[in-house]
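Encoded as structure tokens, the structure appears first; notes follow it.
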Amino acid sequence: MKVEVINTGTELLLGEILNTNFQYLSRQLNKLGFDVLYQTTVGDNAGRLKDVFKTALERADIVITTGGLGPTRGDITKEVLCETLNLGTYLDLDTWNRINNYFCKRGLCMSGNNEKQAMVPIGAQVLTNEVGTAPGLAVTQGDKLIVLLPGPPSEMQHVYEKQLEPYLINHFAKQGVIYSHIIRLRGIGESAVAEKLDDIITSQTNPTIAIYARRGEIIIRLTAKCMELNEAKTLIAAMEALVNQRLSRYIYGTDDETLASYLGRELLRTGSTIAFAESCTGGLASSLITDVPGSSEYLLGSAVTYSNMAKHKLINVSQENLDTYGAVSEPVARQMAEGVRALFGTTYGVGITGIAGPGGATRDKPVGLVYMAVADDKGTVCDKHIFGGSRTDNKMRSALTAISMVIDRIKETENTDK
């Protein structure tokens, strides 16, 4: 079954909010085997929304919308659909009572414009929304299904899980499953990965293989469509084995694993601890580490030494180095790593200093220049990088690269000790 998702709301087109609804729906529908082939975002304009409905109904079997079911004049999704399909509406008393009770339980009075949300297209099935006021709706038109879901993500997900997913399972023959598996790599570029897997990519059928470059890592996504999940997993496993044969030295994890969680495992495995001194990243590397449950076992502390004064007074970076080489320099990065390691008494100390941008650059020190150092009982290593993205990108790439650098240091130490 071909599915098109229509996300409504001018705020989406303006970039004011991130469209997480489509990501959620696409993942859930894929699990049921439905082919999500189209995604359209349209603003709160009746004429354009009507055109989008007409196009979607021509090319998809199931059309699912999010947003535009609220009580205001700008919430027009239901009204435009009724106009497109020439459907009348009626006041559904059960829905009206539920909305009224929703307000009463909160000690509020239901506004007159909320009655708009209780108007239901003739022949539609109401998909009850127990966490908000706008119900979902399922409308059949010939062999087409049109589903209207509320826009707020928490409400949309609730209606999908409690109402729409059972509806789809009950009303459609089993579609099979679309199952994806992620392989995560570090220390290799996208083009090099593509070259090593070129013959697999050009001959792919089922499963398919796709390569993506993300901040500080490469992602390989394997996707199979089968009638049964175990069959899809078997196909994926065979493809994964081929990838592992060629790229095993670069693979650090799968699916939802992160560089930070992988580093945490390595620190626990080796009985090691770590501390960070961060300047341009402003604590981002430490934040990524603490996103991992149980990280208090190995992250003993961090210092956001954004100013030269903080570098000097908190972690003992020499004033001479700051004056002679500047805050963004190899000597300062090394002393940051050594100083924070001494401060917290950890196995590893990490120092990160750079120019995130967009300002602060000089002729010799461009935006994106970052020095990062790792100190341990065998000494201190320092790397220089020049990242070319936005301020946010430069901070994230610096944090992830520093984390990856510690992983390398652990591996090198183990190899040296053998």
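The values are calculated or read from the model by the stated rules, or taken from the named source; none is laboratory data. Since this is a predicted model, take the numbers as computed values, not measurements. Cβ coordinates were reconstructed from backbone atoms using ideal geometry, including for glycine residues, and neighbour counts include every protein chain displayed. Ligands, DNA and RNA are excluded from the accessible area calculation, which covers all protein heavy atoms including side chains. Shrake-Rupley method; radii C 1.70, N 1.55, O 1.52, S 1.80 Å.
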Could you give me the residue pairs with C-beta distances under 8 Å whose first residue belongs to the range 39-65 and is closer than 25 Å to LEU168 by Cα, whose second residue is assigned to a loop (DSSP other than H, G, I, E, B) and charged (D, E, K, R) wherever it lies, and which are 6+ apart or on separate chains?
ASP61/ASP143
Going through (1) touching a Ser or Thr at 6+ places or on another chain (Cβ under 7 Å); (2) more than 30 Å from VAL243 (Cβ to Cβ) one by one, PRO152 fails only at (1)
Among residues of the range 69-94, those that are modelled with pLDDT under 95 and not charged (D, E, K, R), counted
4
Does at least one position in the range 358-376 carry a residue that is open to solvent by 60 Å² or more (accessible area, probe 1.4 Å) and of a type in the set (Ser, Thr, Tyr)?
yes
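In the list GLY132, GLY123, GLY151, which residue meets the criterion of being open to solvent by 40 Å² or more (accessible area, probe 1.4 Å) and part of a loop (DSSP other than H, G, I, E, B)? Before the answer, list the steps.
Details: GLY132 fails: open to solvent by 40 Å² or more (accessible area, probe 1.4 Å); GLY151 fails: open to solvent by 40 Å² or more (accessible area, probe 1.4 Å).
Selected residue: GLY123, the only one of GLY132, GLY123, GLY151 that is open to solvent by 40 Å² or more (accessible area, probe 1.4 Å) and part of a loop (DSSP other than H, G, I, E, B).
Any residue at all in the range 352-371 that's in contact (Cβ under 8 Å) with a residue 60 or more places away in the chain and either under 17 Å from SER272 (Cβ atoms) or of a type outside the set (A, V, I, L, M) (or both)? Don't jump to the end; show me each part of the working.
Of the residues in the range 352-371, the ones in contact (Cβ under 8 Å) with a residue 60 or more places away in the chain are 352-356, 370.
Now restrict to residues that are either under 17 Å from SER272 (Cβ atoms) or of a type outside the set (A, V, I, L, M) (or both): 353-354.
Yes: one or more hits.
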Could you grab the pairs with beta carbons closer than 6 Å, sequence gap of 6+ or different chains, first residue in the range 191-214 and open to solvent by 80 Å² or more (accessible area, probe 1.4 Å), second one not aliphatic (A, V, I, L, M)?
LYS196/ARG246
Just checking, how many residues over the range 92-106 are assigned to a loop (DSSP other than H, G, I, E, B) and open to solvent by less than 70 Å² (accessible area, probe 1.4 Å)?
1
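Name the one entry in ILE218, ILE236 that is open to solvent by less than 50 Å² (accessible area, probe 1.4 Å) and at pLDDT below 95.
Details: ILE236 fails: at pLDDT below 95.
Every option except ILE218 fails the conditions.
Before we move on, is GLU161 exposed (fewer than 15 other Cβ atoms within 10 Å of the Cβ) and more than 19 Å from the chain's Cα centre (by Cα)?
Judged against the criteria, GLU161 is a match.
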The residue that is least open to solvent (accessible area, probe 1.4 Å), considering only those in the range 5-52 that are within 26 Å of CYS82 (Cα to Cα) and basic (Lys, Arg), is LYS50
Considering only the range 377-388, state which residues are open to solvent by 50 Å² or more (accessible area, probe 1.4 Å) and assigned to a loop (DSSP other than H, G, I, E, B).
ASP377, LYS378, GLY388
Could you tell me which numbered condition THR65 fails, if it satisfies all but one of (1) surrounded by 22 or more Cβ atoms within 10 Å (Cβ to Cβ); (2) touching a Pro at 6+ places or on another chain (Cβ under 8 Å)?
(2)
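Can you name every residue in the range 99-132 that is among the basic types (Lys, Arg) and under 17 Å from GLY88 (Cβ atoms)? Lay out the reasoning, then the answer.
First pass over the range 99-132, keeping only residues among the basic types (Lys, Arg): 105-106, 116.
Hit for the range 99-132 is LYS116, nothing else.
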Listed by first then second residue, the pairs whose first member lies in the range 310-329 and is farther than 15 Å from MET372 by Cα, whose partner is of a type in the set (Lys, Arg), with beta carbons under 8 Å and at least 6 positions apart or on separate chains, are LEU322/LYS311
Condition check: farther than 30 Å from ILE62 by Cβ and in contact (Cβ under 8 Å) with a residue 40 or more places away in the chain. Does LEU222 satisfy that?
no
Filtering strands (runs of 3 or more DSSP E) wholly in the range 1-91 for at least 1 residues that are within 15 Å of LEU145 (Cα to Cα) gives 2-8, 35-42, 62-66
When you go through VAL332, VAL340, VAL292 one by one, which is the residue that is β-branched (Val, Ile, Thr), open to solvent by less than 10 Å² (accessible area, probe 1.4 Å) and farther than 14 Å from LYS384 by Cα?
VAL340
Residues that are hydroxyl-bearing (Ser, Thr, Tyr) and either within 20 Å of ILE218 (Cα to Cα) or open to solvent by 30 Å² or more (accessible area, probe 1.4 Å) (or both), drawn from the range 395-417:
SER398, THR401, SER404, THR416
